[in-house]
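Below you'll find the structure, written out as structure tokens, and then a few comments.
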Amino acid sequence: MHFLKLILRNTLRHKLRTGLTILGIIVAIVAFGLLRTVVDAWYSGAEGSSETRLVTRNAISLVFHLPIKYQDRIKKLRGVTEVTHASWFGGVYITEKNFFPQFAIDAKTYFDVYSEYIIPPKELTAFTTDRKGCVIGRKLADVYGLKIGDTVPIRGTIYPGTWKFNVRAIYDGAEAKTDTSQFFFHWDYLNESRKRVIARSARTTDWVGVYAINISEPSRASEISGEVDKLFKNSLAETRTETEKAFQLGFVSMTEAIVVAIRIVSYVVILIILAVMANTMAMTARERTSEYATLKALGFSHLFISGLIYGESMIIAFLGTLIGILLTFPVAAMFSAKVGTLFPVFGVSLETIYMQAIVALLIGITAAVIPAFRSAQVPIVEGLRSIG
Amino acid sequence: MGNSSEAIVHIKHLTKSYRRGEQTVPVLTDITFDIPTGEFIALMGPSGSGKSTLLNLIAGIDKPDSGILKVGGTDIALLSEGELADWRAANIGFIFQFYNLMPVLTAFENVELPLLLTPLSFKERQERVELALVMVGLSDRMEHYPSELSGGQQQRVAIARAFISDPVILVADEPTGDLDRTSAEEILAILDRLNKEMEKTIIMVTHDPHAAKTAHLIRHLEKGELDVEN
């Protein structure tokens, strides 16, 4: 009890210094949490992918498309339960800042394959029966204030012109990690419009971006992937099939340098605050050399002295971390609102909170190691002579 | 510990030196003397004569280079750091020139500190602390922090802290060195009472001949060597 009392009162002895150190830890913990959340958001696509889904794309590059006729052939393979397709539209909603992915999809099959997108049946029917209809995610609706019945103009960057879509359905995610920032519309609408504009151009119509394949057994993913690719070997458009997770990670790997940089920065932030904290504890211990020597003279052990320093360090680290963790949530929410739909899934994970807590524990302990060791080692006579 | 007819401190051929860079500076040279139990002794001498070093050795917060140093029959030079800490807690009460109170603890809590190393209950500790503070005339200052007390009052708290665990020896290093004459007189009176009424052996280092007169025995140190004077 007295031990804790002494630690607490020592902690509050230099209120400004303790306050500034705690503030530093708060900033570091929030920054660390935010950066970790950004990294998590980067991987959210891969994390949210299904084990029973494969993605088939053109073997040369994603830029090249695949014929629509592949859909029926893939569906006939043993173990394939459903096949759908999606094509990247790449349009702009009002300004370039309003980024969100738009896909031209097979309205009949897409939401069977992507069952994690929850759409009320009436809205789904309204979408499938309206050629210019679109389905938007809840996050998208919230960010841009869109609602059922609204008309959304999208300026095409790949497909010229301004395309107008009617919001017929808003989907929710089955899980928190489900991306609800996407925009889907009829591939038929895109394909037929293209046919009208570029008559008889077989190379730009009746083609799709990727196929998404639902399989019955995840254990056969590799086997079925091989079978799909074998089907189209030596064809005009050879395929490359992989699990959805591998497909998503392929995108992440393109920007891996950024992810690595963010990770490094998150650790550098912690190193900086560790140095600040260690300096605070070193100053504190140096100022109290005479008091520690007195305690030792009275018969208190080295362990007691070390305990006082470790205790103070842990309290400062604990307070900073507690406030830092609590502040991470509103700061992450603000950040998410600021970046709009750039990160489809942006939330502070439990793992991030654990990491923040572990980091705080390490800061608290590490910052006290040298001051505690030195204070315990200073001879009593020398300590008594020192001026605090 | 021994009785009043025996020497509570037995020192024979004691030497102590400090290293200053490459140099070895002798501080105490071949010191031999005994302090009888219940004695009030003043160690005097000019700065650097080694009187504080001798006091520190007797109090077990420093170790001699050679010689015999027995306090209460225990050869404290042979004790480990841990054993010495326990020994000090049980046998030595410290009074410092600058009081060395914990600034974040009240007078009551400062006096209570040495008792935290004993198995006494809170109630027992409370009774003892209150009694000690009454003895030094600070019953109305128990909840005051050191910064709220005068120098003389702080030194009285330090004295209460020194004798609270009932040690046999009180070591006082310039206990009146930082006080005005009136406060110094009060402190010396308390020390005198502790010696006479509670039979504490007191070893006091002082520059002040007036303070030294309170002691029953005065010994002078000069360049690390001991002289005798009464």
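Every number in this text was worked out from the coordinates using simple rules, so none of it is lab data. Remember, it's a predicted structure, so these values are computed and weren't measured experimentally. Heads up, the Cβs are rebuilt from the backbone with ideal geometry, glycines too, and the neighbour counts pull from every protein chain shown.
Some points to look at:
- Local electrostatic count at A:Thr11 - Lys and Arg +1, Asp and Glu -1, tallied over other residues with Cβ under 14 Å: +4
- Among the GluC sites (Glu not before Pro) within the stretch A:94-131, those in coil by DSSP and having at most 14 neighbouring Cβ atoms inside 10 Å are A:Glu96.
- In the stretch A:60-237, lysine pairs with alpha-carbon atoms under 21 angstrom apart (chain gap of 8 or more, or interchain): 28
- Sparse-neighbourhood loop sites, GluC sites (Glu not before Pro) in the stretch B:75-145 - DSSP loop, at most 12 other Cβ within 10 angstrom: B:Glu143
- DSSP bridge analysis restricted to the protein assembly as shown gives an antiparallel fraction near 70%, rounded to the nearest 5.
- Environment charge of A:Ser225, counting only residues whose C-beta is closer than 14 Å and scoring Lys/Arg +1, Asp/Glu -1: 0
- Based on the reciprocal of the average 1/r between different C-alpha atoms, the Kirkwood radius for chain B equals 18.0 Å.
- Formal net charge of residues neighbouring A:Gly137 (Cβ-Cβ distance under 10 Å; K, R +1; D, E -1): -1
- With a Förster radius of 25 Å applied to the C-beta separation of A:Ile365 and A:Arg385, the computed FRET efficiency comes to 0.25.
- Using the rule -39500 (n - 2.57) for each DSSP H run of four or more residues, divided by the residues of chain B, the 222 nm mean residue ellipticity is -9500 deg cm²/dmol.
- Per-residue shielding of A:298-306, expressed as the average number of other chain Cβ atoms within 10 Å of the residue Cβ, stands at 6.
- Cα gyration tensor category, rounded, prolate or oblate, for the stretch A:60-237 with a/c compared to 1.5: oblate
- Using a Förster distance of 51 Å, the FRET efficiency for A:Ile118-A:His2 (Cβ separation, nearest 0.05): 0.30
- Point-to-point label distance, A:Thr151-B:Glu225, nm (Cα→Cβ direction, 7 Å offset): 11.5 nm
- Theoretical FRET efficiency, 1/(1+(r/R0)^6), r = Cβ-Cβ of A:Asn234 and A:Phe373, R0 56 Å, to 0.05: 0.20
- Of all DSSP-defined beta bridges confined to the stretch A:60-237, some 70% are antiparallel rather than parallel.
- Near-label residues of the stretch A:257-289 by backbone N, under 18 Å of a point 7 Å along Cα→Cβ of A:Phe99: A:257-263
- Residues of the stretch A:1-21 with amide N under 11 Å of a point placed 7 Å along Cα→Cβ from B:Phe122: A:1-2
- Chain A: angle of helix A:187-197 to the longest principal axis, Cα-based, in degrees nearest 10: 60 degrees
- Taken as Cα centroids, the stretch A:312-388 and the stretch B:13-58 sit 48 Å apart, rounded to the nearest whole angstrom.
- Averaged over peptide B:98-104, the number of partner chain Cβ atoms lying within 10 Å of each residue's Cβ comes to 6.
- With Cα atoms, 0 to 90° folded angle of helix A:244-254 axis to chain A main axis: 60 degrees
- Think of the protein assembly as shown as having a plus end and a minus end, set by charges on the Cβ of Lys, Arg, Asp and Glu; of B:Gly224, A:Pro218, A:Tyr114, A:Tyr114 sits farthest toward the positive end of this dipole.
- Averaged over A:281-290, number of beta-carbon atoms from partner chains that fall within 10 Å: 1
- Loop sites in the stretch A:215-304: trypsin sites (Lys or Arg not before Pro), DSSP, at most 10 other Cβ within 10 Å: A:Lys233
- From its DSSP helices (H runs of at least four residues, each -39,500 (n - 2.57)), chain A gives a residue-normalised ellipticity at 222 nm of -18000 deg cm²/dmol.
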